[in-house]
């Protein structure tokens, strides 16, 4: 009898907590949607939101500069990081002796745990001065942010790329080599095409991480709310603006609703990335 | 042997370049941080006016908030995972819980901080404090814990469960005496990674836990962590020796994370051996 009771209580407990989990998760999404409602429902909302003018004193809440900042920084960082990461993954999974391979993978995994604020700190003293010397200006710029972000994404991407390459069945590789293909041909014609779904998934993970990154970017981008005029000009991203303004506008004000719109844009972008990635998911 | 390997060697060269940049980052931190990293630095409070000072309160805050968030969310995540893996019988990829988990997992930490700030600080009138920051970390960590627990439970062979049920054990007993012990090593590994990730979190904590420490420690007092301190010192702080302090704090934080990962890895290995 007691066992029956325990079983039933456990069923209820797991069910209730799973329900709470779903409700809380949906609540998070609903929270930003409800918060941004006053701005989204105002007349000409989209046009005003997508204007390049962010001027709280004039009541102008255009978030276009931040969307541009986020997109440019993330894209540029990925363009910088992907070749290096792919090269590292190839080196780890094809060049290193098999004895060293697991250790190298473990080191890469450990490097992904380095806090982003450390990259921001490093960017402040190494990347910003270099950009300043090369391109003039203050050095705080989209370019500096992209470089720091690229360095930050490198271990994650390398690790995931290496995992993708190692997931290809060795028999494919052996068959290709046995047919007389060189290692290079095998890499380009067999290994990379076969690993493509996982490679794309790894890429999407990196996009999400880059888009959501706050600290490493915030410390070197300059925090300028005007539309960036080029890669060397300072700017801001959706995340950095959320960080610097969160405590500035109390809930209920227009500014707070504008921040909610930015949060909503981020959450929506992430949700889309998750959906795309689910399409590329390989059967487990 | 080396014919037709031009691409491979080129890749190795490029990879070495990337590794050197990364090594530079690590050596920079050590070179600048190590001279500052004294016993006194670890055991005293920061002193911005005179320069110097240490990071003792930040260490305590980090351990309390990260530990608290993990202690609360680890069982919560495990239970949600048990519901899917053990009670529903299988994990529905693309089911409601799975979709919520995947989306929640992808929410940027600064957005979580922003939402927790609104709910806890604006609605409930909590102060910027260790409690609010811990709540933000817990909200961030719950889906992580569900993910970690599900992958650990999935690795337990089905035959274990079938054998236990065939012997007449209830589902509850099967989970408690068969599945969880078999999954423990993976769980410990996952908890270690989550701990490391939380310790490095800063964006959400700047919004919810504040960027200073008070002389009188309390869970309702401001709770700056090590990661937040690095940010504060290098962006808002006015101390004269900011560079060294930031580097030494970064070094401390990275050593804390390394030790966490190493310990949890060893513990998991030990469990794995004990289980077989």
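The values are calculated or read from the model by the stated rules, or taken from the named source; none is laboratory data. In this text, all values refer to a predicted model and were calculated from it rather than measured experimentally. For neighbour counting, all protein chains shown are included, and Cβ atoms are generated from backbone atoms with ideal geometry for every residue, glycine included.
In the stretch A:31-41, the count of residues that are exposed (fewer than 14 other Cβ atoms within 10 Å of the Cβ) and more than 14 Å from chain B (Cβ to nearest Cβ) is one or more. Only one of these conditions is not met by residue A:269: (1) closer than 18 Å to residue A:73 by Cβ; (2) in contact (Cβ under 8 Å) with a residue 60 or more places away in the chain. Which number is it? Exception for residue A:269: condition (2). Filtering the stretch A:106-129 to residues that are more than 9 Å from chain B (Cβ to nearest Cβ) and out of contact with any helix residue (DSSP H, G or I) (no Cβ under 6 Å at 6 or more places or on another chain) leaves A:107, A:129. Of all residues in the stretch B:178-189 being farther than 20 Å from residue B:260 by Cα and within 13 Å of chain A (Cβ to nearest Cβ), which is surrounded by the most Cβ atoms within 10 Å (Cβ to Cβ)? Ranking the candidates gives B:179 first.
Applying the condition of being out of contact with any helix residue (DSSP H, G or I) (no Cβ under 7 Å at 6 or more places or on another chain) and at pLDDT below 90 to the stretch B:1-21 and asking which residue is nearest to the other protein chains (Cβ to nearest Cβ) yields B:3.
Taken as a whole, the condition of being at the interface with another protein chain (Cβ under 7 Å from one of its Cβ atoms), out of contact with any strand residue (DSSP E or B) (no Cβ under 6 Å at 6 or more places or on another chain) and under 29 Å from residue A:4 (Cα atoms) does not apply to residue B:100. Starting from residues that are free of Cβ contacts under 8 Å to residues at least 60 places away in the same chain and more than 11 Å from every other protein chain (Cβ to nearest Cβ), keep the ones in the stretch B:237-269 and report whichever is nearest to residue B:184 (Cα to Cα). Top of the filtered list is B:266. Residues in the stretch B:208-216 include at least one that is crowded, with 21+ Cβ neighbours inside 10 Å and assigned to a helix (DSSP H, G or I). Residue count for the stretch A:1-26 satisfying the condition of being surrounded by fewer than 14 Cβ atoms within 10 Å (Cβ to Cβ), more than 7 Å from chain B (Cβ to nearest Cβ) and part of a helix (DSSP H, G or I): 9. What do you reckon, is residue B:137 in contact (Cβ under 8 Å) with a residue 24 or more places away in the chain and over 25 Å from residue B:272 (Cα atoms)? Judged against the criteria, residue B:137 is a match. The single condition among (1) modelled with pLDDT of 90 or more; (2) at the interface with chain B (Cβ under 10 Å from one of its Cβ atoms) that residue A:250 does not satisfy is (1).
Each residue in the stretch A:9-45 was checked for being closer than 16 Å to residue A:254 by Cβ and more than 25 Å from the chain's Cα centre (by Cα), and 9 of them qualify. Among the residues of the stretch B:68-76, not a single one is without any contact (Cβ under 8 Å) to a residue 24 or more places away in the chain and within 8 Å of another protein chain (Cβ to nearest Cβ). Annotation note: of A:271, A:258, the sole residue that is facing chain B (nearest Cβ under 7 Å) and either more than 28 Å from residue A:115 (Cβ to Cβ) or in contact with a helix residue (DSSP H, G or I) (Cβ under 7 Å, 6 or more places away or on another chain) (or both) is A:271.
Note on the stretch B:1-49: residues that are under 23 Å from residue B:224 (Cβ atoms), surrounded by 15 or more Cβ atoms within 10 Å (Cβ to Cβ) and free of Cβ contacts under 8 Å to residues at least 24 places away in the same chain total 1.
So, residue A:238, is that one under 19 Å from residue A:75 (Cβ atoms) and either within 9 Å of chain B (Cβ to nearest Cβ) or touching a strand residue (DSSP E or B) at 6+ places or on another chain (Cβ under 8 Å) (or both) or not? Let's see the steps before the verdict.
On the way: under 19 Å from residue A:75 (Cβ atoms): yes; either within 9 Å of chain B (Cβ to nearest Cβ) or touching a strand residue (DSSP E or B) at 6+ places or on another chain (Cβ under 8 Å) (or both): yes.
Answer is yes for this residue.
In the condition set (1) surrounded by fewer than 20 Cβ atoms within 10 Å (Cβ to Cβ); (2) farther than 21 Å from residue A:149 by Cα, residue A:244 is compliant with all but (2).
Being more than 11 Å from chain B (Cβ to nearest Cβ) and crowded, with 17+ Cβ neighbours inside 10 Å is the filter here, so list the residues in the stretch A:192-217 that pass it.
Matches in the stretch A:192-217: A:194, A:195, A:198, A:199, A:201, A:202, A:203, A:206.
Has the stretch A:208-222 got any residue that is free of Cβ contacts under 8 Å to residues at least 60 places away in the same chain and under 26 Å from residue A:270 (Cα atoms)?
Yes, the stretch A:208-222 contains at least one residue that is free of Cβ contacts under 8 Å to residues at least 60 places away in the same chain and under 26 Å from residue A:270 (Cα atoms).
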